[in-house]
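Trainee: Handing you this structure, nothing more for now.
The values are calculated or read from the model by the stated rules, or taken from the named source; none is laboratory data. Just so we're clear, the structure is a prediction, and the values are computed from it rather than from any experiment. Here Cβ is always computed from backbone atoms with ideal geometry, including for glycine, and neighbour counts include all displayed protein chains. For accessibility, only protein heavy atoms count, side chains too; no ligands or nucleic acids. Shrake-Rupley method; radii C 1.70, N 1.55, O 1.52, S 1.80 Å.
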Amino acid sequence: MIFSIPLGHWVEVLINFLKEHFGGLFDFINTNFDHLMGLLTGLLLAVHPFILIALLVVLVWFLSKRNVALWSGVGLLLIYNLNLWEPAMETLALVICATFLALIVGLPVGILTAWSDLVHRMTMPVLDFMQTMPPFVYLVPAVILLGIGRVPALLATVIFAMPPVIRLTGLGIRQVPVDFLEAAEAFGSTRTQKLLKVQLPLALPTIMAGVNQCIMLSLSMVVIAAMIGAGGLGGEVLRGLQRLDIPRGFEGGLAIVILAIILDRVTQTLGQKNIRKGN
(Lines give C-alpha, C1' and ligand atoms only; values in the text may rest on other atoms or scores of the structure.)
Protein backbone atom coordinates (compact mmCIF):
# COMPACT_ATOMS: atom_id res chain seq x y z
CA MET A 1 0.00 0.00 0.00
CA ILE A 2 1.34 3.44 -0.94
CA PHE A 3 2.11 5.66 2.06
CA SER A 4 -0.58 8.32 2.51
CA ILE A 5 0.51 11.79 3.69
CA PRO A 6 -1.94 12.88 6.44
CA LEU A 7 -2.35 16.48 5.23
CA GLY A 8 -5.90 16.74 6.49
CA HIS A 9 -4.84 15.55 9.94
CA TRP A 10 -2.06 18.14 10.05
CA VAL A 11 -4.54 20.88 9.22
CA GLU A 12 -6.84 19.60 11.96
CA VAL A 13 -3.98 19.68 14.47
CA LEU A 14 -3.18 23.26 13.44
CA ILE A 15 -6.80 24.40 13.78
CA ASN A 16 -7.12 22.73 17.20
CA PHE A 17 -3.83 24.36 18.29
CA LEU A 18 -5.10 27.79 17.27
CA LYS A 19 -8.42 27.17 19.00
CA GLU A 20 -6.75 26.02 22.23
CA HIS A 21 -4.04 28.67 22.51
CA PHE A 22 -5.67 31.66 20.81
CA GLY A 23 -9.32 31.06 21.67
CA GLY A 24 -9.52 34.36 23.55
CA LEU A 25 -8.27 36.28 20.53
CA PHE A 26 -10.83 34.63 18.25
CA ASP A 27 -13.59 35.35 20.76
CA PHE A 28 -12.50 39.00 20.80
CA ILE A 29 -12.53 39.13 17.00
CA ASN A 30 -15.91 37.42 16.87
CA THR A 31 -17.52 39.77 19.37
CA ASN A 32 -16.17 43.01 17.93
CA PHE A 33 -16.75 42.22 14.27
CA ASP A 34 -20.24 40.96 15.05
CA HIS A 35 -20.95 44.29 16.76
CA LEU A 36 -19.49 46.14 13.76
CA MET A 37 -21.66 44.27 11.27
CA GLY A 38 -24.68 44.66 13.52
CA LEU A 39 -24.03 48.41 13.76
CA LEU A 40 -23.72 48.78 9.99
CA THR A 41 -26.87 46.74 9.39
CA GLY A 42 -28.70 48.77 12.02
CA LEU A 43 -27.65 52.03 10.37
CA LEU A 44 -28.91 50.84 6.99
CA LEU A 45 -32.21 49.72 8.49
CA ALA A 46 -32.62 52.82 10.68
CA VAL A 47 -33.30 54.98 7.63
CA HIS A 48 -36.71 54.60 6.01
CA PRO A 49 -36.32 52.46 2.86
CA PHE A 50 -37.71 55.15 0.53
CA ILE A 51 -35.30 57.75 1.91
CA LEU A 52 -32.36 55.35 1.68
CA ILE A 53 -33.32 54.37 -1.88
CA ALA A 54 -33.45 58.06 -2.85
CA LEU A 55 -30.04 58.69 -1.26
CA LEU A 56 -28.55 55.65 -3.01
CA VAL A 57 -29.97 56.75 -6.36
CA VAL A 58 -28.40 60.20 -5.92
CA LEU A 59 -25.10 58.60 -4.92
CA VAL A 60 -25.13 56.24 -7.91
CA TRP A 61 -26.07 59.16 -10.20
CA PHE A 62 -23.06 61.09 -8.90
CA LEU A 63 -20.65 58.14 -9.13
CA SER A 64 -21.96 56.56 -12.31
CA LYS A 65 -24.48 57.38 -15.05
CA ARG A 66 -28.07 58.59 -15.05
CA ASN A 67 -29.44 55.38 -16.54
CA VAL A 68 -27.60 53.28 -13.95
CA ALA A 69 -29.01 55.45 -11.16
CA LEU A 70 -32.59 55.24 -12.43
CA TRP A 71 -32.51 51.47 -12.92
CA SER A 72 -30.84 51.09 -9.53
CA GLY A 73 -33.82 52.87 -8.00
CA VAL A 74 -36.21 50.55 -9.82
CA GLY A 75 -34.28 47.49 -8.66
CA LEU A 76 -34.18 48.64 -5.02
CA LEU A 77 -37.91 49.42 -5.09
CA LEU A 78 -38.53 45.90 -6.40
CA ILE A 79 -36.50 44.45 -3.51
CA TYR A 80 -38.64 46.49 -1.09
CA ASN A 81 -41.83 45.35 -2.82
CA LEU A 82 -40.76 41.71 -2.43
CA ASN A 83 -40.42 42.24 1.36
CA LEU A 84 -36.70 41.51 1.14
CA TRP A 85 -35.41 44.90 2.25
CA GLU A 86 -34.07 43.75 5.64
CA PRO A 87 -32.19 40.68 4.35
CA ALA A 88 -30.91 42.81 1.45
CA MET A 89 -29.41 45.32 3.90
CA GLU A 90 -27.87 42.45 5.89
CA THR A 91 -26.26 41.16 2.68
CA LEU A 92 -25.10 44.66 1.72
CA ALA A 93 -23.53 45.08 5.16
CA LEU A 94 -21.69 41.76 4.75
CA VAL A 95 -20.42 42.76 1.29
CA ILE A 96 -19.30 46.20 2.50
CA CYS A 97 -17.42 44.76 5.48
CA ALA A 98 -15.84 41.96 3.43
CA THR A 99 -14.73 44.36 0.68
CA PHE A 100 -13.36 46.84 3.23
CA LEU A 101 -11.32 44.16 5.01
CA ALA A 102 -10.12 42.68 1.71
CA LEU A 103 -8.90 46.12 0.62
CA ILE A 104 -7.16 46.81 3.94
CA VAL A 105 -5.17 43.59 3.61
CA GLY A 106 -5.04 43.24 -0.17
CA LEU A 107 -3.83 46.69 -1.20
CA PRO A 108 -0.62 46.67 0.92
CA VAL A 109 0.15 43.09 -0.10
CA GLY A 110 -0.44 43.97 -3.76
CA ILE A 111 1.94 46.92 -3.45
CA LEU A 112 4.58 44.66 -1.92
CA THR A 113 4.21 42.17 -4.77
CA ALA A 114 4.85 45.00 -7.22
CA TRP A 115 7.90 46.22 -5.32
CA SER A 116 9.52 42.85 -4.64
CA ASP A 117 9.90 39.94 -7.06
CA LEU A 118 10.49 37.62 -4.09
CA VAL A 119 7.20 38.61 -2.45
CA HIS A 120 5.49 38.25 -5.84
CA ARG A 121 6.82 34.70 -6.33
CA MET A 122 5.85 33.72 -2.79
CA THR A 123 2.38 35.26 -2.94
CA MET A 124 1.14 33.99 -6.30
CA PRO A 125 0.94 30.27 -5.31
CA VAL A 126 -0.94 31.25 -2.15
CA LEU A 127 -3.42 33.27 -4.22
CA ASP A 128 -3.80 30.37 -6.63
CA PHE A 129 -4.61 28.13 -3.67
CA MET A 130 -7.12 30.63 -2.25
CA GLN A 131 -8.92 31.02 -5.58
CA THR A 132 -9.09 27.37 -6.58
CA MET A 133 -10.00 25.91 -3.18
CA PRO A 134 -13.78 25.27 -3.06
CA PRO A 135 -15.43 27.96 -0.91
CA PHE A 136 -17.14 25.33 1.27
CA VAL A 137 -13.74 24.29 2.60
CA TYR A 138 -13.25 27.70 4.24
CA LEU A 139 -16.39 27.23 6.30
CA VAL A 140 -15.02 24.35 8.38
CA PRO A 141 -12.05 26.13 10.06
CA ALA A 142 -14.06 29.36 10.26
CA VAL A 143 -16.82 27.63 12.24
CA ILE A 144 -14.35 25.80 14.49
CA LEU A 145 -12.47 29.00 15.33
CA LEU A 146 -15.35 31.47 15.46
CA GLY A 147 -18.53 29.43 15.83
CA ILE A 148 -21.78 29.91 13.94
CA GLY A 149 -22.79 33.40 12.89
CA ARG A 150 -21.95 36.38 10.74
CA VAL A 151 -18.25 36.67 11.60
CA PRO A 152 -17.11 33.23 10.33
CA ALA A 153 -19.14 33.94 7.18
CA LEU A 154 -17.31 37.27 6.90
CA LEU A 155 -13.93 35.57 7.35
CA ALA A 156 -14.65 32.97 4.66
CA THR A 157 -15.91 35.68 2.31
CA VAL A 158 -12.80 37.83 2.80
CA ILE A 159 -10.46 34.91 2.11
CA PHE A 160 -12.38 33.99 -1.03
CA ALA A 161 -12.71 37.56 -2.36
CA MET A 162 -9.26 38.96 -1.56
CA PRO A 163 -7.03 37.45 -4.33
CA PRO A 164 -8.24 39.72 -7.18
CA VAL A 165 -7.41 42.81 -5.11
CA ILE A 166 -3.84 41.62 -4.53
CA ARG A 167 -3.31 40.44 -8.11
CA LEU A 168 -4.69 43.50 -9.87
CA THR A 169 -3.08 45.99 -7.48
CA GLY A 170 0.32 44.46 -8.15
CA LEU A 171 -0.40 44.23 -11.87
CA GLY A 172 -1.50 47.85 -12.11
CA ILE A 173 1.60 49.16 -10.35
CA ARG A 174 3.89 46.96 -12.42
CA GLN A 175 2.32 48.31 -15.62
CA VAL A 176 3.11 51.95 -14.82
CA PRO A 177 5.50 53.15 -17.58
CA VAL A 178 9.11 53.39 -16.51
CA ASP A 179 9.34 56.87 -18.05
CA PHE A 180 6.95 58.25 -15.46
CA LEU A 181 8.96 56.72 -12.62
CA GLU A 182 12.23 58.06 -14.01
CA ALA A 183 10.71 61.53 -14.33
CA ALA A 184 9.53 61.37 -10.72
CA GLU A 185 12.99 60.27 -9.58
CA ALA A 186 14.56 63.12 -11.57
CA PHE A 187 12.49 65.56 -9.53
CA GLY A 188 13.73 63.95 -6.31
CA SER A 189 10.60 61.99 -5.37
CA THR A 190 10.93 59.44 -2.60
CA ARG A 191 9.58 55.91 -2.95
CA THR A 192 6.47 56.84 -1.02
CA GLN A 193 5.88 59.94 -3.14
CA LYS A 194 6.25 57.92 -6.32
CA LEU A 195 3.73 55.42 -5.00
CA LEU A 196 1.15 57.96 -3.89
CA LYS A 197 1.51 60.51 -6.70
CA VAL A 198 2.47 58.39 -9.71
CA GLN A 199 1.96 54.65 -9.36
CA LEU A 200 -1.37 54.45 -7.53
CA PRO A 201 -3.12 57.15 -9.63
CA LEU A 202 -2.01 55.52 -12.89
CA ALA A 203 -2.82 52.03 -11.60
CA LEU A 204 -6.25 53.07 -10.26
CA PRO A 205 -8.31 51.70 -13.20
CA THR A 206 -6.71 48.27 -12.75
CA ILE A 207 -7.14 48.47 -8.99
CA MET A 208 -10.83 49.34 -9.47
CA ALA A 209 -11.18 46.22 -11.60
CA GLY A 210 -9.85 44.27 -8.61
CA VAL A 211 -12.36 46.00 -6.33
CA ASN A 212 -15.13 45.09 -8.77
CA GLN A 213 -14.11 41.43 -8.76
CA CYS A 214 -13.83 41.47 -4.97
CA ILE A 215 -17.41 42.73 -4.64
CA MET A 216 -18.73 40.17 -7.14
CA LEU A 217 -16.97 37.30 -5.36
CA SER A 218 -18.32 38.53 -2.02
CA LEU A 219 -21.85 38.44 -3.40
CA SER A 220 -21.25 34.98 -4.84
CA MET A 221 -20.50 33.78 -1.30
CA VAL A 222 -23.72 34.98 0.35
CA VAL A 223 -25.65 31.74 -0.18
CA ILE A 224 -22.73 29.61 1.01
CA ALA A 225 -22.18 31.94 3.97
CA ALA A 226 -25.85 31.55 4.91
CA MET A 227 -25.11 27.90 5.70
CA ILE A 228 -23.19 29.03 8.80
CA GLY A 229 -25.59 31.69 9.97
CA ALA A 230 -24.86 34.74 7.83
CA GLY A 231 -28.55 35.29 7.09
CA GLY A 232 -29.46 37.96 4.56
CA LEU A 233 -30.56 37.16 1.03
CA GLY A 234 -28.44 34.03 1.07
CA GLY A 235 -30.57 32.77 3.93
CA GLU A 236 -33.70 33.37 1.86
CA VAL A 237 -32.30 31.35 -1.03
CA LEU A 238 -31.11 28.60 1.30
CA ARG A 239 -34.51 28.31 3.00
CA GLY A 240 -36.16 28.21 -0.40
CA LEU A 241 -33.87 25.34 -1.36
CA GLN A 242 -34.42 23.44 1.88
CA ARG A 243 -38.22 23.72 1.64
CA LEU A 244 -38.41 23.46 -2.17
CA ASP A 245 -40.07 26.89 -2.03
CA ILE A 246 -39.58 28.11 -5.60
CA PRO A 247 -41.00 31.66 -5.14
CA ARG A 248 -38.87 32.34 -2.08
CA GLY A 249 -35.69 30.99 -3.64
CA PHE A 250 -36.23 32.82 -6.92
CA GLU A 251 -37.05 36.15 -5.28
CA GLY A 252 -34.02 35.92 -2.99
CA GLY A 253 -31.78 35.08 -5.94
CA LEU A 254 -33.25 37.94 -7.97
CA ALA A 255 -32.51 40.39 -5.15
CA ILE A 256 -28.88 39.20 -5.07
CA VAL A 257 -28.65 39.74 -8.83
CA ILE A 258 -30.03 43.28 -8.50
CA LEU A 259 -27.46 44.20 -5.84
CA ALA A 260 -24.71 42.61 -7.93
CA ILE A 261 -25.67 44.55 -11.07
CA ILE A 262 -25.85 47.86 -9.21
CA LEU A 263 -22.45 47.41 -7.53
CA ASP A 264 -20.91 46.06 -10.74
CA ARG A 265 -22.07 48.98 -12.88
CA VAL A 266 -20.95 51.58 -10.34
CA THR A 267 -17.45 50.16 -9.90
CA GLN A 268 -17.06 49.62 -13.65
CA THR A 269 -18.03 53.21 -14.36
CA LEU A 270 -15.59 54.50 -11.75
CA GLY A 271 -12.81 52.52 -13.42
CA GLN A 272 -13.75 53.86 -16.86
CA LYS A 273 -13.77 57.43 -15.54
CA ASN A 274 -10.25 56.97 -14.22
CA ILE A 275 -9.11 55.59 -17.58
CA ARG A 276 -10.52 58.66 -19.39
CA LYS A 277 -8.84 61.00 -16.89
CA GLY A 278 -5.54 59.18 -17.45
CA ASN A 279 -5.89 59.68 -21.18
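Trainee: What number does region 12-51 give for Rg over Rh if you use C-alpha atoms and the Kirkwood radius?
Mentor: On the way: Rg = 16.4 Å, Rh = 12.3 Å.
Rg/Rh: 1.34.
Trainee: Can you give the accessible area of K65 in Å² (nearest 10), computed on protein heavy atoms with a 1.4 Å probe?
Mentor: Roll a 1.4 Å probe over it and K65 shows about 110 Å².
Trainee: Bin width 10 Å, origin at 0, all Cα-Cα pairs of region 36-150: what percent of pairs per bin?
Mentor: Histogramming region 36-150 at 10 Å steps yields 11, 27, 28, 25, 8, 0 percent.
Trainee: ³J(HN,Hα) across region 106-118 via Karplus (A = 6.51, B = -1.76, C = 1.60, θ = phi - 60°), whole Hz, x for Gly/Pro?
Mentor: Whole-Hz 3J(HN,Hα) from phi for region 106-118: x, 4, x, 5, x, 5, 5, 5, 6, 7, 10, 5, 5.
Trainee: Let me ask something additional. What's the percent breakdown of Cα-Cα distances in region 26-276 across 5 Å bins, shortest bin first?
Mentor: Using 5 Å bins, I get a P(r) of 1, 6, 12, 15, 17, 15, 13, 10, 6, 3, 1, 0, 0, 0 for region 26-276.
Trainee: Please list L118, L155 in order of solvent-accessible area, largest first, computed with a 1.4 Å probe with all protein chains present. If you can, show how the numbers build up before the last one.
Mentor: Working: L118 100, L155 70 Å².
Reading off the accessible areas and sorting them downward yields L118, L155.
Trainee: Go through region 133-140 residue by residue and turn each phi into a ³J(HN,Hα) via Karplus (6.51, -1.76, 1.60, θ = phi - 60°); whole Hz please, and just put x for glycine and proline.
Mentor: Each residue of region 133-140 in turn: 5, x, x, 4, 5, 5, 5, 5 Hz.
Trainee: Mind grabbing the base-10 log of I(q)/I(0) for region 158-254 at q = 0.13, 0.20 Å⁻¹? Debye formula, identical points on the C-alpha positions, no solvent, two decimal places.
Mentor: At q = 0.13, 0.20 Å⁻¹ the computed log10 ratios are -0.60, -0.90.
Trainee: Oh, and also: I'd like the chymotrypsin sites (Phe, Trp or Tyr not before Pro) in region 1-87 restricted to DSSP loop residues with at most 13 other Cβ atoms within 10 Å, sorted by number. Display every interim value, and only then the final one.
Mentor: Details: sites: F3, W10, F17, F22, F26, F28, F33, F50, W61, F62, W71, Y80, W85; in loops: F3, F22.
Sites meeting the loop and neighbour criteria: F3, F22.
Trainee: Region 161-178 to region 41-68: how many Å between their Cα centroids?
Mentor: Each part's Cα centre sits 30 Å from the other's.
Trainee: Kindly count the pairs of lysines across the chain whose alpha carbons are less than 24 Å apart, treating pairs on different chains or eight or more residues apart as eligible. Walk me through the numbers before you get to the answer.
Mentor: Working: K65/K273; K65/K277; K194/K273; K194/K277; K197/K273; K197/K277.
Counting lysine pairs in the chain gives 6.
Trainee: If you don't mind, there's one more thing I want to ask. When the accessible area of region 26-276 is computed with all protein chains present and a 1.4 Å probe, what percentage of it is carbon and sulfur? Intermediate values should be presented prior to the final figure.
Mentor: Working: 9010 of 12790 Å².
Roughly 70 percent of what the probe reaches on region 26-276 is carbon or sulfur.
Trainee: In percent, how large is the relative contact order of the chain, given Cα pairs closer than 8 Å and 6 or more residues apart? Can you show the working numbers first?
Mentor: Details: 316 pairs, mean separation 63.3, N = 279.
In percent, rounded to a whole number, it is 23.
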